[in-house]
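The values are calculated or read from the model by the stated rules, or taken from the named source; none is laboratory data. All values reported here derive from a predicted model rather than from experimental measurement. We place every Cβ from the backbone using ideal geometry, glycine too, and count neighbours over all the protein chains shown.
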Amino acid sequence: MVDVSQHELVPEHTVLEDDALEEVLEEYDIDRTDLPKIQRKDPALPDEAEVGDVIKIVRDSRTTEQAIIYRLVVE
């Protein structure tokens, strides 16, 4: 079976640690539930990701070198 998360076109997905998450939420003045959602069954998620975790996604960008996006894992 193919591991989609390791494909070269899938951006890096990592589970955000609690202290880093607090900094992000404070910087944007939002709650965890205000973040865009990503389903737990998404094949790009790391195996250790659980419902309620926040995922940091680092993508290539045309206008900047990298774009960082945060998603809340939902069922």
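Can you tell me which residues in segment 1-59 are acidic (Asp, Glu) and on the phi > 0 side of the Ramachandran plot? Listed by number, the list holds a single entry, Asp29.
Counting only residues that are in contact (Cβ under 8 Å) with a residue 24 or more places away in the chain, out of contact with any Asp or Glu (no Cβ under 8 Å at 6 or more places or on another chain) and of a type in the set (Lys, Arg), segment 32-55 holds 2 of them.
Yes/no per residue for (1) modelled with pLDDT of 95 or more; (2) loosely packed, with under 10 Cβ neighbours inside 10 Å; (3) closer than 16 Å to Ile68 by Cα:
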residue: Ser5; (1), (2), (3): no, no, no
residue: Glu8; (1), (2), (3): no, yes, no
residue: Glu17; (1), (2), (3): no, no, yes
residue: Ala20; (1), (2), (3): no, no, yes
residue: Asp29; (1), (2), (3): yes, yes, no
residue: Asp42; (1), (2), (3): no, no, no
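What do you reckon, is Ala67 of a type outside the set (Ser, Thr, Tyr), surrounded by 10 or more Cβ atoms within 10 Å (Cβ to Cβ) and touching an Asp or Glu at 6+ places or on another chain (Cβ under 8 Å)? Spelling it out, Ala67 is indeed of a type outside the set (Ser, Thr, Tyr), surrounded by 10 or more Cβ atoms within 10 Å (Cβ to Cβ) and touching an Asp or Glu at 6+ places or on another chain (Cβ under 8 Å). Within segment 25-75, being aliphatic (A, V, I, L, M), more than 12 Å from the chain's Cα centre (by Cα) and within 18 Å of Pro11 (Cβ to Cβ) holds for no residue. Looking across segment 51-69, the residues that are under 19 Å from Val24 (Cα atoms), out of contact with any helix residue (DSSP H, G or I) (no Cβ under 6 Å at 6 or more places or on another chain) and not small (Gly, Ala, Ser) come down to Val51, Asp53, Ile55, Lys56, Ile57, Val58, Arg59, Gln66, Ile68, Ile69.
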